[in-house]
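What follows is a single structure, written as structure tokens, with notes after it.
What follows draws every value from the coordinates through simple rules; no lab data is involved. Keep in mind that what you see is a predicted model, and the values were worked out from it rather than measured. Virtual Cβ from ideal backbone geometry, glycine too; neighbours counted across all protein chains shown.
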Amino acid sequence: MAKSLKDWVEQDVATVRDKSLAWLSQEFFFRDPTRPNYSDTSYFFSPADGIVLYQLTVDPDEPIVDIKGKRYSLQDAMRDPSYDKRSIVIGIFMTFFDVHVNRVPYPGRITYKELEEIDTFNYPMLPVEKALVSELRIDVKRADYLHNNQRMLNRVWAPDLGQSYYILQIADYDVDCIMPFQLKQNWPFMQNERFSVVRYGSQVDLIVPLSERFDFTPVFPSGVHVEGGLDPLLEVSPK
């Protein structure tokens, strides 16, 4: 369940931090623990295990973060200059110590599109991870990977909301592998059902366009460690 960054490092990471890299990468990393399958459409649940890097409401061309003087907006993240919806975006950084199976935060039908890296290779996420795990601080100014790296843009049509929302998966440097479990497009998924895995490090952003019918209210502040399918990220309430 949700914990402060400090508590998560001291309670969860500390138990495996002295293990060998081989054991971590071959056994611990690929764990897929059994979890209760919550169904509550008054919430968007977390699509991933990880640390909330940022959460804010932005216009499509408004910067989410500023990385070395270069603005990073929703249009940049989705690589779609025509995207025109003011949205809530919540970025979840999945460290090497997190479960990397991703889940559907709100029920609907998924269509996905893979977007290749812009440069020759993916950029590493390690500087951001070291700041989080070793220094207990968020440092998005070193998140060059946000502009460049390979990503999967999943659009989810949610009939209960009468609109779509998006799950953006961003791959790391080492193994740029984002693997959907269901290759068919427009496939229905239940809330918190497993839909994909990303290896080895990664980031997952939940992007929810604002609605005329519903209010979406964040549940946790930035800097909290959340677990996919267990912790709610947004409360959904009728206007």
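Towards the positive end of the charge dipole of the chain, with charges on Cβ (+1 Lys, Arg; -1 Asp, Glu), say which of Leu153, Gly69, Ser4 has the farthest Cα. Ranked along the dipole, the leading option is Leu153.
For the stretch 6-53, trypsin sites (Lys or Arg not before Pro) are listed when DSSP marks them as loop and at most 12 other Cβ atoms sit within 10 Å of their Cβ; the list is Arg17, Lys19, Arg31. Using a simple charge model, +1 on the beta-carbon of Lys and Arg, -1 on the beta-carbon of Asp and Glu, nothing else, what dipole does the stretch 25-141 show about its Cα centre, in debye to the nearest 20? So the dipole magnitude of the stretch 25-141 works out to roughly 200 debye.
Where only DSSP H runs of four or more residues are counted, the chain gives -2000 deg cm²/dmol as its mean residue ellipticity at 222 nm, each run worth -39500 (n - 2.57).
Other residues within the sphere of radius under 15 Å centred on the Cβ of Gln182, judged by their own Cβ, net out at +4 (K and R +1, D and E -1). Express in whole angstrom the spacing between the alpha-carbon centres of the stretch 105-123 and the stretch 23-64. Between the Cα centres of the stretch 105-123 and the stretch 23-64 lies a distance of 15 Å.
Taking square-rooted eigenvalues a ≥ b ≥ c of the alpha carbon gyration tensor, is the chain rounded, prolate or oblate, where a/c under 1.5 means rounded and, failing that, a/b exceeding b/c means prolate?
Verdict is rounded for the chain.
This model, with +1 at the C-beta of Lys and Arg and -1 at the C-beta of Asp and Glu, gives the stretch 48-92 a dipole about its Cα centre of some 120 debye. Computed from point charges on the beta carbon alone (+1 for Lys and Arg, -1 for Asp and Glu), the dipole magnitude for the stretch 3-238 about its Cα centre is near 180 Debye. What is the sum of charges, Lys and Arg at +1 and Asp and Glu at -1, for the other residues whose Cβ falls under 12 Å from the Cβ of Arg86? With Lys, Arg at +1 and Asp, Glu at -1, the neighbours total -4. With a Förster radius of 45 Å applied to the C-beta separation of Leu136 and Trp187, the computed FRET efficiency comes to 0.70. A simple count of charges around Asp215, restricted to other residues whose Cβ falls under 13 Å of its Cβ and scoring Lys, Arg +1 and Asp, Glu -1, yields 0.
For the stretch 164-224, what does the alpha-carbon gyration tensor say about shape, rounded, prolate or oblate, given a ≥ b ≥ c as the root eigenvalues, a/c under 1.5 as rounded, and a/b over b/c as prolate? Oblate. The packing ranking of peptides 60-73, 217-230, highest mean first, is 217-230, 60-73, where packing means the average number of other beta carbon atoms within 10 angstrom of each residue.
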